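S.K.: First, the structure itself, so that you have it in front of you.
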Amino acid sequence: MAISHLIATVLFALFLSFPAGAVEVIANKSVPLAKISLGSARAVFGMRQVKWPDGSLIRVFVLPDSNPVHGALCKERLNLYPYQLRQSWDRLIFSGMAQAPIEVASEAEMLASVAATPGAIGYLARPPQNEKVKVLNVE
Amino acid sequence: MWNEFRNRIAGLLCLGVGLGLGCPALAGGDDRLQLHGFLTQTLVHTDANNFGGESEDGVGVDMRELGVNISFRPDSDWLLSAQGLARWAGEMDDGDPRVDYAFVERSLYADEAHRLSVSLGNVKNPYGLYNTTRDVAHTRPGVILPQAIYLDRMRNFFLAAPGMSLRGEHEGMRHGLNWQLSTVRMEADDPELDYLFMPIPGSTVNAPGHFDGSGSWLAQTMLDLDGGQWRLGLSFGDVGMRYKPALPQPFDYPSGKVTLKPVTLTLQRNLEKVTFTAEFSRAKVDNESLAINFVSQGWYAQATWRFRPRWEAWLRNEAIYFDKDNKNGSRYDSLLLERGLGHSKSWVLGVRHDLTAQLALSAELHSVNGLAMLSPADNPDPVNDRFSSNWNMLLLQAAYRF
């Protein structure tokens with residue numbers, strides 16, 4: 001009895017600390033995918049994969065490192081920490097091997113930018129209500 | 001001399017700030033054309049010996065790095081990148097602006113899980129975790145790089161060099177694997193290399209000839225597990241240069257190749273608050289002109305603790321031996337001038353605060369035994385016992401990037 005209580009408490013605590021779906025990966029309607037693999041999502045947000053399967057250029061939008069939604073993207077969707085992504089970007093940008101993502105200041109700006117930019121990918125805390133933007137499931 | 005120096009700094013500053021101010025406009029116009037840069041100033045105090053300028057019993061202000069890069073991606077298959085760099089490091093580097101890298105990259109194959117590309121031009125050489133961006137403070141694990149692996153006196157062996165590079169990546173669910181192979185001709189025009197490899201026994205000067213770079217190659221493969229929570233790397237290569245005597249024998253050393261065959265292992269564990277990093281390197285050195293060969297060895301282990309948002313602290317232990325079978329230096333006493341020049345062992349303690357995403361302030365304390373990381377150019381009088389083999393160093397650094 002005591003053990004099942006303990007398990008229930010631990011599960012509840014885990015559920016509270018890792019709320020599912022706290023961040024959604026979004027893309028411009030032009031992006032020719034409905035879902036994206038974990039490896040590919042890491043490569044896209046890591047600025048290493050630069051083209052979609054149809055050959056079009058990927059445009060990556062991000063929030064500032066300190067934004068909680070950015071933290072949620074890293075930990076819950078990409079399974080890494082924000083500092084790792086930042087270090088990886090810096091090494092690529094300052095050795096000329098890749099370009100930086102486009103940083104936007106807020107989720108409102110994120111939605112507007114992804115909606116307006118062909119090939120764009122980004123993320124929001126909740127699924128967007130915008131016909132020019134779709135949710136990409138990371139699998 | 002001073003005026004020329006000052007004018008040069010002012011010019012580079014204007015260039016950097018001007019480009020920095022121009023950056024948002026460019027980014028706002030078209031993100032396929034990007035400008036980034038960095039400016040770092042380091043202050044040095046040592047209780048003995050000079051590091052990066054005149055630091056002994058005072059404050060050295062001669063360590064500075066300024067870089068600006070531009071990149072353009074006309075479409076998803078091509079990337080053009082170039083970076084200009086000015087670096088000041090006491091007598092070792094005088095701030096002459098130079099091209100750090102400039103190359104064209106063409107994608108040969110790309111899908112969701114695999115990528116293959118080729119680069120032509122002045123390409124950056126991956127070596128260990130940090131070599132490709134060794135002059136960019138924000139990418140370093142401390143104020144200066146661990147000298148046991150990234151010895152600044154030998155930086156030219158691993159810098160960008162004219163050549164060709166092939167790069168591949170594979171992404172899986174649980175792992176990522178990337179590799180790079182570069183064939184280059186190293187830039188051997190560097191007084192530090194003359195000091196290191198062409199010393200004249202019993203004197204403080206080097207031989208009168210010069211080095212020309214030879215055909216060289218460097219390779220690296222890096223395995224990331226679980227999004228880089230574990231990183232395992234192997235870097236290796238064969239880099240060389242040829243000594244061209246200035247005087248006929250017996251007044252100079254004979255012509256000959258100096259080759260370095262390094263192997264470096266990298267292991268990193270990334271946790272949310274803590275990162276553990278260790279790198280171990282061995283390099284076979286063959287000097288035909290002096291008819292000697294030996295094996296250099298170096299390693300470091302570092303723990304970095306992100307104890308609050310925007311704050312981190314680190315502790316590092318490192319050691320380098322120019323000749324691993326002769327750690328106390330006796331075998332080449334006459335060449336290495338005195339004991340202690342052949343090795344360096346340090347404890348390093350540091351802290352960094354990111355005031356903003358662009359500006360970081362750092363402090364680092366070194367407790368050193370040995371002299372391997374010191375430049376003879378900054379310490380011109382070792383014979384008169386000016387070197388002290390146990391010494392301490394405090395570094396303060398402000399680093400800006402955009």
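Quick note: the coordinates plus some simple rules give every number you see, no bench work behind them. The structure presented is a predicted model; accordingly, all values stated were derived computationally and were not measured. So basically every Cβ, Gly included, is an ideal-geometry build from the backbone, and we count neighbours across all protein chains shown.
S.K.: Could you state the angle between the C-alpha long axis of helix B:2-29 and the longest principal axis of the C-alpha atoms of chain B, as a value from 0 to 90 degrees rounded to the nearest 10?
M.R.: 20 degrees
S.K.: Please give me the summed charge of the neighbours of B:Ser296: other residues whose Cβ is under 9 Å from its Cβ, Lys and Arg +1, Asp and Glu -1.
M.R.: Around B:Ser296, the surrounding residues sum to +2.
S.K.: Measure of size requested: the Rg and Dmax of the protein assembly as shown, with Cα atoms as the atom set and Å as the unit; please supply both.
M.R.: Values for the protein assembly as shown (Cα only, Rg and Dmax): 24.8, 93 Å.
S.K.: Ranked by Cβ crowding within 10 angstrom, fewest neighbours first, how are B:Asp75, B:Asp323, B:Asp135 ordered?
M.R.: By the 10 Å Cβ count, ascending, the order reads B:Asp75, B:Asp323, B:Asp135.
S.K.: Mind giving me the nanometre distance, one decimal, between the label points for B:Asp286 and A:Gln129, set 7 Å out from Cα along Cα→Cβ?
M.R.: Distance between the two pseudo-spin positions: 7.3 nm.
S.K.: Radius of gyration and Dmax for the stretch A:33-103's Cα atoms, expressed in Å?
M.R.: My reading of the Cα-based Rg and Dmax gives 11.9, 33 Å.
S.K.: How large is ³J(HN,Hα) for each residue in the stretch B:357-373, as worked out from phi by the Karplus curve 6.51 cos²θ - 1.76 cosθ + 1.60 (θ = phi - 60°), to whole Hz, x for Gly and Pro?
M.R.: Each residue of the stretch B:357-373 in turn: 5, 9, 10, 10, 10, 9, 9, 8, 10, 10, 10, 10, 10, x, 10, 4, 7 Hz.
S.K.: Let me ask something else. Through the Karplus equation 6.51 cos²θ - 1.76 cosθ + 1.60, θ set to phi - 60°, convert the phi angles of the stretch A:46-52 into ³J(HN,Hα) values in whole Hz; use x for Gly and Pro.
M.R.: Values per residue, Gly and Pro as x: x, 6, 9, 8, 10, 9, 6 Hz.
S.K.: To continue, here is another question. For B:Leu271 and B:Asp96 in one chain, what is 0.36 nm times their gap in residues minus the Cα-Cα distance, to one decimal in nm?
M.R.: The span from B:Leu271 to B:Asp96 would gain 59.0 nm if fully extended.
S.K.: Could I ask something else about it? Label B:Trp311 and B:Ser367 with points 7 Å out from Cα along Cα→Cβ: what is the distance between them in nm?
M.R.: Distance between the two pseudo-spin positions: 2.3 nm.
S.K.: While we're here: Going by the alpha-carbon gyration tensor, a ≥ b ≥ c the square roots of its eigenvalues, is chain B rounded (a/c under 1.5) or, if a/c is not under 1.5, prolate (a/b greater than b/c) versus oblate?
M.R.: Rounded, because the longest to shortest axis ratio a/c is under 1.5.
S.K.: Calculate, for B:Leu394 and B:Lys327, the FRET efficiency according to 1/(1 + (r/R0)^6) with r their C-beta to C-beta distance and R0 22 Å; round to the nearest 0.05.
M.R.: 0.20
S.K.: While we're here: What are the ³J(HN,Hα) values, in whole Hz, obtained from phi via the Karplus relation 6.51 cos²θ - 1.76 cosθ + 1.60 with θ = phi - 60°, for each residue of the stretch A:118-130 in sequence order, with x given for Gly and Pro?
M.R.: Using θ = phi - 60°, the values come out as x, x, 7, 9, x, 7, 9, 5, 10, x, x, 9, 8 Hz.
S.K.: Divide by every residue of chain B the summed helix terms, -39500 (n - 2.57) for each DSSP H run of at least 4, and state the resulting mean residue ellipticity at 222 nm, rounded to the nearest 500 deg cm²/dmol.
M.R.: Value at 222 nm, helices only: -3000 deg cm²/dmol.
S.K.: I would also like to ask the following. Run down the lysines and flag those whose C-alpha is under 22 Å from the C-alpha of B:Lys345, throwing out any fewer than 8 positions away in its chain.
M.R.: Partners found: B:Lys284, B:Lys324, B:Lys327.
S.K.: Moving to a separate point now. If each residue of separation counts as 0.36 nm, what is the full-extension length gain between B:Phe251 and B:Leu108 once their alpha-carbon separation is subtracted?
M.R.: Difference between extended and current length: 46.3 nm.
S.K.: Which semi-axes, in whole Å and largest first, does the equivalent ellipsoid of the stretch A:16-139 have when worked out from the alpha carbon gyration tensor as the square roots of 5 times its eigenvalues?
M.R.: So the three semi-axes of the stretch A:16-139 are 19, 18, 14 Å.
S.K.: Which Rg and Dmax, in Å, describe the Cα atoms of the stretch B:141-205?
M.R.: Considering the stretch B:141-205 through its Cα atoms, Rg and Dmax are 17.5, 59 Å.
S.K.: Still on this structure, I have one more. Any lysines with Cα under 24 Å of the A:Lys132 Cα? List them, leaving off those in the same chain fewer than 8 positions away.
M.R.: Straight-distance partners of A:Lys132: A:Lys29, A:Lys35, A:Lys51.
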